[in-house]
Amino acid sequence: MQLPVQTWFDRSTSRARDWPIDRLRARKAGTRVSVVLPALDEEATVGQVVRMVRRLADDTGLVDEVVVVDSGSTDGTARVAAQAGAVVHHRDDVLPELGSRPGKGEVLWKSLAVTSGDVVVFVDSDLVDPQPQLVTGLLGPLLTDPGVELVKGCYDRPLKGAGSTSGGRVTELVARPLISRFFPELAGVVQPLAGEYAGRRRLLEAVPFCGGYGVEIALLIDTLQHSGLSAIAQVDLGRRQHSHQDTAALGRMAAQITHVVHQRAAGSPLGQAPPITQFARDEYGHYGPVTHVLDLDERPPMVSVDGYRERARMVS
């Protein structure tokens, strides 16, 4: 029986302040926690995010490892992250026998092979003024409720001059309508595309990871289908400040999310995502078509990868 949206929301939504550090420390016991930052050309911000997590780890013991997986940066992202205290891996060096692909989903998937946490917390590396509750809030339901498998963060995302919640444009214009149409039981998830979330390793290694920007909504839907709605919780983390992409980039993101949701609603692969054609002015001020190929190939559940268990034992 599906829980009505309001019932699930009331039962499964909490606030970061509901999870004080002392309470989390008392419940952590032997649970190992990894914090992973996917990063691509984030030299300006990755250092402050890593330092925030490292301070949390050193001061509270709630975090056992901080890992940055570099998705092919051409700036000083890797250097800055290492200097701030993270263990840094380049995507090409993780599972090299399987090759390497661009996109966020690839580095999140590969992070499972170079971390040892029973719980993995994902935090974007483009955050401005990152606060510890981005991590502690996500840990709350996982450390206190063994039935919770995935915790999504939600927050205000201010867009300059457009109001406190206007930063989630693709969420409101694309993701939420698609969820309401095809997966209405997930309609209570405030921000299905949030880049801050946490999951149990046993879940994360058992589901595929979608390429590109489809990874977050795919993981949410796959968790629903794998473990049920009651395995999903969300925490209000307050306010999140980060860089914003232009409209064309958001259009490409929307195309990826649309394909992923339709694919999962169909229950079978739809083949290669169709390219998206956009328009840009040239040096003479004339419009011209620009076609983008969307690479949404999925990686299989990590648990099915040869040698993964052996690698995991070595990492731990």
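Under a 5 Å amide H cut-off, with hydrogens placed 1.01 Å from N, residue 239 pairs with 156 among residues at least 5 apart or on other chains. Segment residue 173..residue 32, full-extension length gain: 47.0 nm, with 0.36 nm per residue of separation and the alpha-carbon distance subtracted. Counting beta carbons within 10 Å around each of 154, 210 and listing the fewest first gives the order 154, 210. Using the rule -39500 (n - 2.57) for each DSSP H run of four or more residues, divided by the residues of the chain, the 222 nm mean residue ellipticity is -10500 deg cm²/dmol.
Taking the chain as a Gaussian network of alpha-carbon nodes connected by springs under 10 Å, the highest mean-square fluctuation of the residues 273, 249, 113 belongs to 249.
Taking Cβ atoms as reference points and 10 Å as the exclusive limit, the residues near residue 189 contribute a net charge of +1, counting Lys and Arg as +1 and Asp and Glu as -1.
For the pair residue 60 and residue 277, a Förster radius of 51 Å applied to the C-beta separation gives a FRET efficiency near 0.55, rounded to the nearest 0.05.
Only one residue of 230, 265, 69 has its Cα farthest out toward the positive end of the dipole of the chain, where Lys and Arg carry +1 and Asp and Glu -1 on Cβ, and that residue is 230. Qualifying trypsin sites (Lys or Arg not before Pro) in the stretch 88-163, where qualification requires a DSSP coil assignment and no more than 11 other C-beta atoms within 10 Å, comprise 160.
Near residue 209: Cβ cut-off under 11 Å, other residues only, Lys/Arg at +1 and Asp/Glu at -1. The net charge is -2.
Within a straight-line Cα-Cα reach of under 12 Å, residue 152 can be paired with the following aspartates and glutamates, leaving aside sequence neighbours fewer than 8 residues apart in one chain: 196, 216, 236. Look at where the Cα atoms of the stretch 181-204 and of the stretch 1-33 average out, and the two centres are 14 Å apart. The GluC sites (Glu not before Pro) found in the stretch 204-310 that occupy coil by DSSP, while having at most 15 further C-beta atoms within 10 Å, are 283.
No lab work stands behind these numbers, since they all come straight from the coordinates. Computed from a prediction, not measured in an experiment: that's the story for all the values here. Every residue, glycine among them, receives a Cβ derived from its backbone with ideal geometry; neighbour counts consider all protein chains shown.
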